[in-house]
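In what follows, a single structure is set out as structure tokens and then discussed.
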Amino acid sequence: MLKTLRGIVQEVNTAGDLKSALDIIVHRVREAMTTQVCSVYLWDPDSSQYVLMATEGLKQDAIGRVRLSSAQGLVGLVGVREEPLNLDDAPQHPKYQYFPETGEEQFHSFLGVPIVHHRRVLGVLVVQQRDRRRFDEGEEAFLVTMSAQLAGVIIHAEATGKINELNQPDKPSKPRKDQQFKGVSGSPGIAIGHAAVMIRSADLDSVPSKKGTGVEIEKDIFQKAVLAVRQDIRNAGAKLADQLRPEEQALFDVYLNMLDDEALGSEVNSLIEDGEWAQGALSRVIKQYEQHFSVMDDPYLRERATDIRDMGIRLLEYMQSAKVEPIEYPSDVILVGEEITPTMLAEVPKGKLQGIVSVEGSSNSHVAILARAMGIPTIMGVQGLPYAKLDGKKIIIDGYRGKVFTHFSDKLLGHFQAIVEEEKELVRELDTLKNLPCETKDNHRMKLWVNTGLMADVFRSLDRGAEGVGLYRTEVPFMIKDRFPTEKEQMHTYREQLKAFAPSPVTMRTLDIGGDKELSYFPIKEDNPFLGWRGIRITLDHPEIFLVQVRAMMKASEGLNNLRIMLPMITGTGEVEEAMRLIHRAFYEVCEEGFHVAMPEVGVMIEVPAAVYQTRELAQLVDFISVGSNDLTQYILAVDRNNARVADLYHSYHPAVLQALKKIAEDAHMEDVTLSICGELAGDPIAAPILLAMGYEILSMNSASLPKVKYVVRNIKYSWAQELLARIMISDCPEVIYSTIELALEEAGILSFIRPQAGIMSNQIN
Ligand code: PEP
Ligand code: MG
């Protein structure tokens, strides 16, 4: 059963379009269940009807013609009830509706199951038989499992707009509708620009289909890759010749034979002749072969599917690195891809990057954090976006609402252009705050610091009037290297940061890798990376890395003395004591080497629940405490900060998170340590009044948020914020808490300065 299910899903996944996907579904399900009919009805939101999209067993003429409203017929009933309907004699059912064009009068038994994706009914999968008999439990379970797996495939196809095309095959094409996809906001703002689709290195699934630069050129690229891979395989085989048994040696011959196979090569070349580029042609051919082998019953042949894919990736690797000429980025580039990485951002020439759209990830992924630091509108987790087809297309992204518009009318474009203008005006107005102090109307002072990682952040931060650095993510300079940076290299990088801000303090966090922050040269493979080896756990296990880093920081601070050292992912006092020992050791070593440095302040991050309950004990060991609300939210709510599926549940205004923030503040004050917060919440202008009222002295944020947060603080009273805090702390609902603060800011006439009006209007465009 499982084998059949897998086979069907794999086959459906490789279908090029919705029509073939649905045809495969009805054919294979009917065959697997040995029924006379299998049909798929999909919900068409335009007409608010279920439409028969594919069938085997009913008359083909009925496709696209049989339509039922939401509560009509047995299909409508399945949709409304959102559960299977299993009948031995369907025509007897009061809801049964007969459509003469289907020829279904001969079928009696009926089993319909809803196709549900993320609580939304996409359609209904139906099987029918002549005999009057109920489908048994096993059959029902099979169809339910099938439908659950197909939902993802269908949502993707639906996203490409193919449902509409298929529904009305005879109708002339309608005027173009605004077409939008929903994700989550990664960084606010509106961007209008041309999409550049990014391909993950050697990922066959994300190679877009596009026109080649010329048949001979593309054929040559492919041919060179084949020669290079063939050579690699021969070399590998030769190297291991004396260590392998002959039957193991033969494996290399299998690979070589695959490359010699005329069929594979000639199919790639024939697609190139049709105008496709070499990478696209290779990807399509490999996927077809892989699919062909993967559904075979013979386990040996099935295994060949893996070999074919592996071969495809090797070829693709050569093709991608062979592509010597750099990507031509348009002047208004919006990076689009399955997963946009920080390196991809770094590669775009200065001034060209307008926006980012990533199918994977959420607002707390590091790429989104970087984008916020750079002030680049970003949408994350846009599941179902047909991104491979967007290369070179003009698109709009609404970073306030997490929406991407791939097709749009001139009216919509005009609307967003107006917002862009309005935003520029807002930035100019907020710019005037740069040199004004951040204090409330009743003279309560608050410090606004910045989070940095790249040198670009530094210049922008100084420009916006930052008073210090609350979090310098040292892993960023580690990430853009291909080996650990040396003590000297690190010292140079850190000194740039310290110097730029001196005499203001710069808080340098020791290396916080693991979780989702991977170094290509230090791979960590774990089932639960966020609960695994990350942050301080790694650096305490590798004192050589920790000591080099801390020494580099101290040496870099010579003559400046504005360094603070911060420890990430602390769960208990033992870790702090151990880290302190190493820090003191580094200090003496640095002094012995002749550097004249002062012992820096040391602090810990509170970002796991265990640390919340030990705030006082931890505070006794250090000089300052800084809350990492990104991880704290993730760990308190048990919601992966990068998982788009649960992004709706990631809520920093959850009462449990707010209770924790309040407790940390109260405990830190009792121990008289400096208290700051450096997670993304600190840069949310909506959160500013409550963090102020809780007693946070320093908010550290990406520099782009600084003017708006300052605007809020300067326009409220401390006493007003305290009263607001008291009101929200008795609520048990994150949404109510958020809108209570929003409403209070609106009544105070502040909201329109931190969020453009047109941005709010864009929410009404559907
Ligand atoms: C945090 O977790 O809130 C934090 C500031 O650290 P990072 O986002 O780098 O994990
Ligand atoms: Mg963190």
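Which value results when the Cα radius of gyration for segment 445-726 is divided by 2.2 N^0.38 Å?
0.96
From largest accessible area down, sort MET569, MET479; use a 1.4 Å probe on the protein chains.
Largest to smallest exposure gives the sequence MET479, MET569.
Using a 1.4 angstrom probe and counting only protein chains, how large is the accessible area of TRP277 in Å², to 10?
20
Test of understanding: extend the Cα→C-beta vector of LEU462 to 7 Å, then name every residue of segment 365-382 with backbone N under 18 Å from that spot.
Only 374 pass the distance filter.
Just to compare against my own numbers: the Cα pair-distance distribution for segment 2-160, 5 Å bins, whole % per bin, please.
Percent of Cα pairs in each bin: 2, 10, 20, 26, 23, 14, 5, 1.
Between LYS95 and GLN417, what is the label-to-label distance in nm when each label sits 7 Å out along the Cα-to-Cβ direction?
Once both label points are built, they end up 5.0 nm from each other.
With a cut-off of 13 Å, note down the residues of segment 705-732 whose backbone N falls inside the zone around a label point 7 Å from the Cα of ASP442 toward its beta carbon.
So the set is 716-726.
For the chain, what does the helix formula give at 222 nm: sum of -39500 (n - 2.57) over DSSP H segments with n ≥ 4, over the residue count, nearest 500 deg cm²/dmol?
Numbers: 29 runs with 351 residues, N = 766.
Calculated mean residue ellipticity at 222 nm is -14500 deg cm²/dmol.
Using a cut-off of 27 Å between alpha-carbon atoms, which lysines can reach LYS219, once sequence neighbours fewer than 8 places away in the same chain are excluded?
LYS210, LYS211, LYS287, LYS323, LYS389, LYS393
Full-extension gain between ASP46 and ASP260, please, as 0.36 nm times their residue separation minus the C-alpha to C-alpha distance.
Residue separation times 0.36 nm, minus the Cα-Cα distance, leaves 72.0 nm.
Please give the length that would be gained between LEU227 and SER70 if that part of the chain were fully extended, namely 0.36 nm times their separation in residues minus their C-alpha to C-alpha distance (nm, one decimal).
Gain in length upon complete extension: 50.7 nm.
Could you order LEU691, LEU649, LEU271 so the one with the most accessible surface comes first? Probe is 1.4 Å.
On the way: LEU691 0, LEU649 105, LEU271 30 Å².
My answer, sorted largest first, is LEU649, LEU271, LEU691.
Put a dot 7 Å past each Cα toward the Cβ at VAL736 and GLN659; how far apart are the dots in nm?
That separation, rounded to one decimal, is 1.5 nm.
For segment 82-114, list residues with backbone N below 20 Å from a point placed 7 Å from the Cα of ARG130 toward its Cβ?
Those under the cut-off are 87-92, 99-111.
Looking at segment 510-615, which trypsin sites (Lys or Arg not before Pro) are DSSP coil and have at most 16 other C-beta atoms within 10 Å of their C-beta?
Listed in order of number, the matching sites are LYS525.
Project the alpha carbons of segment 430-569 onto their principal axes and report the range along each, largest first, in whole Å.
51, 35, 22
Report, to the nearest whole %, how much of the accessible area of the chain belongs to carbon and sulfur atoms, 1.4 Å probe, protein only.
Roughly 51 percent, rounded to a whole number.
Principal axis extents for the chain, Cα atoms only, whole Å, descending order, please.
So the extents along the principal axes, rounded to whole Å, are 88, 73, 49.
Can you give the alpha-carbon Rg of segment 69-111 over 2.2 N^0.38 Å, where N counts its residues?
Against the compact-globule rule of thumb, the ratio is 1.10.
How large is the charge dipole for the chain, taken about the Cα centre, if only the Cβ atoms of Lys, Arg (+1) and Asp, Glu (-1) carry charge, to the nearest 20 debye?
On the way: 82 positive and 108 negative charges, 331 e Å.
Dipole of the chain, to the nearest 20 debye: 1580 debye.
Any idea of CYS591's accessible area? Nearest 10 Å², probe 1.4 Å.
That residue has around 50 Å² of solvent-accessible surface.
Straight distance only, please: which aspartates and glutamates reach the Cα of LYS19 with their own Cα at less than 12 Å, same-chain residues fewer than 8 apart left out?
GLU158, GLU165
Taking 23 Å as the cut-off for C-alpha to C-alpha distance, list the pairs among LYS447/LYS488; LYS447/LYS662; LYS424/LYS708; LYS499/LYS555; LYS352/LYS394 that go past it.
The pairs that break the limit, which is 23 Å between Cα atoms, are LYS447/LYS488.
Could you give the accessible area per residue of segment 445-726, probe 1.4 Å, as a whole number in Å²?
Per-residue value: 37 Å².
For SER520 paired with PHE595, estimate the spin-label separation in nm (one decimal), with each label point 7 Å from Cα along the Cα-to-Cβ line.
2.9
The values are calculated or read from the model by the stated rules, or taken from the named source; none is laboratory data. In this text, all values refer to a predicted model and were calculated from it rather than measured experimentally. Every residue, glycine as well, gets a Cβ built from its backbone with ideal geometry; the counts of neighbours run over all protein chains shown. The protein model used for the area step is the full one, side chains on, heavy atoms only, and it has no ligands, DNA or RNA in it. Shrake-Rupley method; radii C 1.70, N 1.55, O 1.52, S 1.80 Å.
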